[in-house]
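J.: Here it is: the structure, laid out below.
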Amino acid sequence: MQPGRISMSREKKGWSLVLLGLLLAVAAAGLGYATLYLDLAGIYLGAGVIGLVMVGICMIDPAASLMINLAFSFSAAHLSRWLTHDAFPVGVVSDVLIYATLLGYLIRRVPLGPTFRSFVHSPVVVFFLVYLGFGLLEAFNINARSTSGWFVGIRKMTSTYMLLFIAYEVFKDKQQIWRFIRFTFWGCVVLGLYACVQQAVGLFGFERDWVMSDDIRFGLIFIDGDFRKFSMLSSPMIFGLLMAAMVVFYFIVSIPEKGRAAWVTRLGLLPMLLGMLYSGTRTANFIMVVGLGLYILLTIDKKGSRILAGIAVFFMLFVLYVPIYTNATLNRFRSTFQGTQDQSYLVRETNRHYIQPYIWSHPIGGGLCTTGEAGRQYNPGHYLAGFPTDNDYLTKALETGWIGLILIFWLYFLVMRTGIRAYFQVTDPREKYLAAAITCCLFCYYVASYTQIALGSLSDIVIYYPFIAILVRLTEPARPSS
């Protein structure tokens, strides 16, 4: 790299830090003033000012843009509940930040041609584009009642694929990969700690009001005489799955670390693990076990992995059979492994069998956003509107048909293959563990998708797509840093 470029890069980073500091100052002052003295309109005005600063940073520094998107997605639901009674359009703001980053590339005339050509060379990226093309064809699905739901689905799909490209471009510098991973770690620690606060002192007033403002939401969160904890995210399920996947990821990443860094990472796993348990999400308990199981299988040739397998089996048997029956968190963890005895599982199975004839008779499905509450909003009167899909795969099968389900299965297979290839292909020990950690983390989400809507919320896509971008970068031939 030329000396002139180094100084320009440092100068750009310096300005980015200044703007990030300005953002925090404006955010603290603006939100504090708006909360104390202004009504809803004033809060929106303050948020608009902060948003302009965030957009400016995203246009200047794409690496900072990834971190801003992650910080926003981790806190947006909480701020919306606190300041606007859950009325803030968080999804639109996330899209604006992503588009602003791409606009910044154009304004600064960054040559993206070479990056894009190498980007579409990956089989995973090619199939992402194939799936996007299939989604575009859903506009002509005669089973849908309107195109408004299709537009929402395509907008979300397009913005997330743009996030994948931005992450891919940023991660050409491997130092940026580790900066993103460290930033994500501290974000997850904060979420876990906040859940521990909720468990220790109870939900705050505005959180309790939000839970009790909807009967369905209250029934899902208040179970066995206690509130499931959701930290700063939009639901206990989303929070629990995120914590479980991140426990698996950072546990594996910490294995090759030495000294202070290793202890800090492993200590940070504790609030994440407690947060996962306090969320009461049984799927989260299961995918944590599955994710670590995949890691053991992937590294079974290592003595440490075989020791870990023995310890894990002993710990599971102890937790499942220790004669303690008064702890609600422990009892809910045990109920994860009841299998067909679990009542919620039986309800899901009944719904799946009931709707299977529709899937077989509609190869391209009923149309995007036609199931559940989205169906009632965008396609009222549709046969699928309001149907409780409860999991990603059933949603895909109903909205895009068995053809769309096959495509998504193949896409997930390509992602897993890329991760496994990255693990065996890279030679750097730290990157090898990184590839294994990402592969096991993504596998957690794919398994969770069988019982939950595991992928699609803001807090998981800002991790899911950058992680895929890292895998793609790791499998590329080594090239000089630029």
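J.: Which far-off residues, 5 or more places away or on another chain, put their amide H under 5 Å from the one on Phe222, with H placed in the peptide plane?
T.: Residues meeting the amide H criterion: Arg228.
J.: Could you tell me which of rounded, prolate or oblate describes the stretch 111-266, using a ≥ b ≥ c as the square roots of the eigenvalues of the alpha-carbon gyration tensor, with rounded for a/c under 1.5 and, failing that, prolate when a/b is larger than b/c and oblate otherwise?
T.: Note, shape of the stretch 111-266 comes out oblate.
J.: Same structure, new question: How big is the dipole moment of the stretch 184-329 about its Cα centre under a simple scheme where the beta carbon of each Lys and Arg is +1, that of each Asp and Glu is -1, and everything else is neutral? Debye, nearest 20, please.
T.: Charge dipole of the stretch 184-329: 640 debye, to the nearest 20.
J.: Under the rule a/c < 1.5 gives rounded, and otherwise a/b versus b/c splits prolate from oblate, where does the stretch 394-454 land using the Cα gyration tensor?
T.: It comes out oblate by the Cα gyration axes.
J.: Related question: What does the extension gain come out to for Thr115 and Ile223, with contour length at 0.36 nm per residue minus their alpha carbon separation?
T.: 33.9 nm
J.: Can I ask one more? So between Arg417 and His353, what do we pick up on full extension, going 0.36 nm a residue minus the alpha carbon distance?
T.: Length difference between fully extended and current span is 19.9 nm.
J.: A further question on this structure: Mind checking the full-extension length gain between Val130 and Leu297? Use 0.36 nm per residue of separation minus the Cα-Cα distance, one decimal, nm.
T.: Gain in length upon complete extension: 57.0 nm.
J.: Among Phe218, Tyr194, Gly291, whose Cα sits farthest toward the positive end of the charge dipole of the stretch 184-329 (+1 at Cβ of Lys/Arg, -1 at Cβ of Asp/Glu, about the Cα centre)?
T.: The residue sitting farthest along the positive end of the dipole is Gly291.
J.: Taking 35 Å as R0, compute the FRET efficiency from the Cβ-Cβ separation of Leu52 and Ile403 and round it to 0.05.
T.: Computed FRET efficiency for Leu52 and Ile403: 0.20.
J.: Something else about it: Measuring from a point 7 Å past the Cα of Thr158 along Cα-to-C-beta, which residues in the stretch 77-97 have an amide N at less than 18 Å?
T.: Zone members listed by number: 91-97.
J.: Quick one: putting +1 on the C-beta of Lys and Arg, -1 on the C-beta of Asp and Glu, what dipole do you get for the stretch 388-479 around its Cα centre, in Debye to the nearest 20?
T.: The dipole of the stretch 388-479 has a size of about 380 debye.
J.: What is the stretch 184-329 by shape, rounded, prolate or oblate, if you read a ≥ b ≥ c off the alpha carbon gyration tensor as root eigenvalues and call it rounded for a/c under 1.5, prolate for a/b larger than b/c, and oblate otherwise?
T.: prolate
J.: At what distance in nm do the modelled label points of Phe204 and Ile142 sit from each other, each positioned 7 Å from its Cα along Cα→Cβ?
T.: Label-label distance for Phe204 and Ile142, simple model: 5.4 nm.
Quick note: the coordinates plus some simple rules give every number you see, no bench work behind them. All figures in this text were calculated on a predicted structure; none of them were measured in a lab. Glycine also receives a Cβ, built like all others from the backbone with ideal geometry; neighbour counts cover every protein chain displayed.
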